[in-house]
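The values are calculated or read from the model by the stated rules, or taken from the named source; none is laboratory data. Since the model is a prediction, treat every value here as computed from it, not as a measurement. Because the Cβ atoms are built from the backbone with ideal geometry, glycine has one as well, and the counts that use them run over all protein chains shown.
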Amino acid sequence: MNGAPLRIGITCYPTTGGSGIIGTEVGLALARRGHQVHFVCSALPERLGAEFSAGEKTLGIFFHRVEIRDYPLPHLGPYPLALAGKLAAVTATAQLDLLHVHYAIPHATSAFLARQLLESEGKRVPRIITTLHGTDITRVGSDPSLRAVNRFSLLRSDGLTVPSAFLQRAALERLALPAATPIEVIPNFVDTDRFQPTERRADPGSADRPRVLLHSSNFRPLKRIEDVVRIFAGVQQQLPSRLVLVGDGPERPRIEALVAELGLVDKVQFLGMQLDVVAALQQADVFLLPSSTEGFGLAALEALSCGVPVVASRVGGIPEVVDEGTTGFLCPPRDVAAMTAAVLRLLRDPALHQRMSQQARATVLKEWRQEPRVAQYEAYYHHILGRPPTT
C-alpha cells in the first residue's frame, strides 16, 4: 500500500461490461492493498459475486445494494435518485474519503447529489472521482438530451479519469469541456495470472481440427456482430472453422436469425453470458472485434493476454491496445472483406500466428499488468485528497 489506508466507495454497473469489470477489479485490488472498499451498486457485481461464491472474500470489502422499489411513475427512473440516497447514507455511516464512480451516466450525477445532500445536513463530504469508459462520452453522454447534465456533473467531480488517450480527446471535444480540464489517463489492465495461454489442442496450422474464431461482448449494435458472422462465413468457406460467441444482449435474436439464414447453425456456438471467459479464450485461434467504436477494447486485451491474436476495427482506443502487424491486424470499420483476409492470413501461416501469439502475451506482461495500474489509481486518490503518499 502506498500511503495511509483510505475508505473508498465504488459504484459501477454490476454486469460483465468493461466498466463493471474494471470497477470491480480496481476495488478488489485496493482492498488487498489494505484499503477499505464499499461497493454501492444495484446488484452484486458479477466478478465480485464470483469471488464471494468461491469463499475467497477479500478483507476490507463491503457491498451495499441500491434498493429500487416499484414506483407509481416508472418512467421517471428511480435508480439515479435511489443511488444518490444510498451513496449519501453509506458515506455518512462509513465515513468515506472519496467516491469513485465508473461510467458517468448517471453515476456522476448521483454522486454529486449525494454530496449536496450531505453538505446540506452539515455532514462530512467525500471527494468524487469519475472514470469515463466510452459510450458515456461518445454516444449516450454526448446525446443532446443528456449532454448538459453529463457535462455539469463531470465538471463538479474532483477528478476525472479515462482508460485511453482517445477518450481523453473525445471527452474534451464531444462534451465541450474546457480545454484546461484535467483528465488523467489510467489505462485498463488485465489479470495476467488468470488470463494466460494454455497448450493448444493441436498446432494452429494443422489440418485435423477446425480453427476457432471468438467474439465476446454485450451484443449491442455498436459491436457489429453481424460483421463477426459474415467474416466467419468467409473464413469457413476457405478453411475448416467454427465461431464461438460469448455474451448476450439486444442483438442476439437478429444474429441467431442471420446464422440460420447463412446455413451456419452447426458451425456457430452461442455460449451466452459467462462469468469466466478464460477457458473459451484459451481454445481460440483469433479474436474478432469489428466494433464501430470502442473506448478501449478490454475484451481484446484479455484475448491478447491469453496469446490470441486480434483482428479488429481501427477505431477509438483499439489502436492503443492492438499493435498492428505485431499482436494483430487493424482494418477499416465495416470492411468485412479486409478482416476476412486478415483472419485467413493468420490461419494459413502457422509461423506468423505463433509469432503474434507470443508477442501478444509478452506485450501484455510488459505493458498491461494489473498492479502498476492499480498503483496509479491509488496515487491519484491521494493526489485528489491532497494527501501526499507516504513510503
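I'd like to know if region 73-86 contains one or more residues that are surrounded by fewer than 24 Cβ atoms within 10 Å (Cβ to Cβ), within 18 Å of Thr181 (Cα to Cα) and outside the structural domain of Arg220 (by TED's automatic domain parsing). Checked against the condition, which is being surrounded by fewer than 24 Cβ atoms within 10 Å (Cβ to Cβ), within 18 Å of Thr181 (Cα to Cα) and outside the structural domain of Arg220 (by TED's automatic domain parsing), region 73-86 yields no hits at all.
Just to be sure before I move on: is Phe232 in contact with a Lys or Arg (Cβ under 9 Å, 6 or more places away or on another chain), of a type in the set (A, V, I, L, M, F, W, C) and either buried (at least 17 other Cβ atoms within 10 Å of the Cβ) or in the same structural domain as Thr161 (by TED's automatic domain parsing) (or both) in the structure I sent? It would help to see each step written out before you state the result.
Details: in contact with a Lys or Arg (Cβ under 9 Å, 6 or more places away or on another chain): yes; of a type in the set (A, V, I, L, M, F, W, C): yes; either buried (at least 17 other Cβ atoms within 10 Å of the Cβ) or in the same structural domain as Thr161 (by TED's automatic domain parsing) (or both): yes.
Spelling it out, Phe232 is indeed in contact with a Lys or Arg (Cβ under 9 Å, 6 or more places away or on another chain), of a type in the set (A, V, I, L, M, F, W, C) and either buried (at least 17 other Cβ atoms within 10 Å of the Cβ) or in the same structural domain as Thr161 (by TED's automatic domain parsing) (or both).
Here region 301-344 is the region considered, the condition is being over 22 Å from Gly134 (Cα atoms) and among the polar types (S, T, N, Q), and the residue that is nearest to the chain's Cα centre (by Cα) is Thr327. Inside region 322-345, residues that are among the aliphatic types (A, V, I, L, M), crowded, with 21+ Cβ neighbours inside 10 Å and touching a residue at least 40 places away in the same chain (Cβ under 8 Å) make up a count of 2.
Each row is one residue, and each column tells you yes or no for (1) touching a Lys or Arg at 6+ places or on another chain (Cβ under 8 Å); (2) under 25 Å from Phe166 (Cα atoms); (3) at pLDDT 95 or above; (4) polar (S, T, N, Q).
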residue: Asp276; (1), (2), (3), (4): no, no, no, no
residue: Leu288; (1), (2), (3), (4): no, yes, yes, no
residue: Ala300; (1), (2), (3), (4): no, yes, yes, no
residue: Val322; (1), (2), (3), (4): no, yes, yes, no
residue: Gly328; (1), (2), (3), (4): no, yes, yes, no
residue: Pro332; (1), (2), (3), (4): yes, yes, yes, no
residue: Arg348; (1), (2), (3), (4): no, no, yes, no
residue: Gln358; (1), (2), (3), (4): no, no, yes, yes
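Quick one: is Phe287 buried (at least 23 other Cβ atoms within 10 Å of the Cβ) and under 22 Å from Leu352 (Cα atoms)? Answer is yes for this residue. Exactly one residue out of Val246, Val322, Val259, Val311 is part of a loop (DSSP other than H, G, I, E, B), within 17 Å of Ser217 (Cβ to Cβ) and touching a strand residue (DSSP E or B) at 6+ places or on another chain (Cβ under 6 Å), and it is Val322. Give the number of residues within region 8-41 that are more than 21 Å from Asp276 (Cα to Cα), in a loop (DSSP other than H, G, I, E, B) and not basic (Lys, Arg). So the count comes out to 2.
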